[in-house]
Amino acid sequence: MVIVSGVFELEPSERDTFLAGRSDAMRRSRAEAGCLEYVFSADPLEPGRVVLFEKWESSEALAAHMAGMREWPRPEGQPVRPKSSSLVRYEVSGEQKLG
């Protein structure tokens, strides 16, 4: 299993526009083979922060997702650009339910 975690820092006034522009990407990604979870989410405490969480069955599924993203149409108009972003990939060797 592979987990991708990311953080995007934006102008607080642009966060909702940034998230709205990611709805199609979330739908497409969730429909891909091997996608277990894919969500962009507003941080409820930091108005200029968006968190990305992805969970994939395998490295191959993530690689196919990354390759396929190059073919996606780009949104029209001026896209919101984050001030900064950080994405990290984690290789998971096992999992255990909490609680």
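The values are calculated or read from the model by the stated rules, or taken from the named source; none is laboratory data. Predicted, not measured: the structure shown is a model, and the values here were computed from it. Here the Cβ is made from the backbone with ideal geometry for all residues, glycine too, and neighbour counts use every protein chain on show.
Some points to look at:
- Selection count, segment 1-16, where residues are touching a Leu at 6+ places or on another chain (Cβ under 9 Å) and over 12 Å from LEU52 (Cα atoms): 2
- Looking only at residues in segment 56-99 that are within 21 Å of ARG15 (Cα to Cα) and basic (Lys, Arg), the one that is modelled with the highest pLDDT is LYS83.
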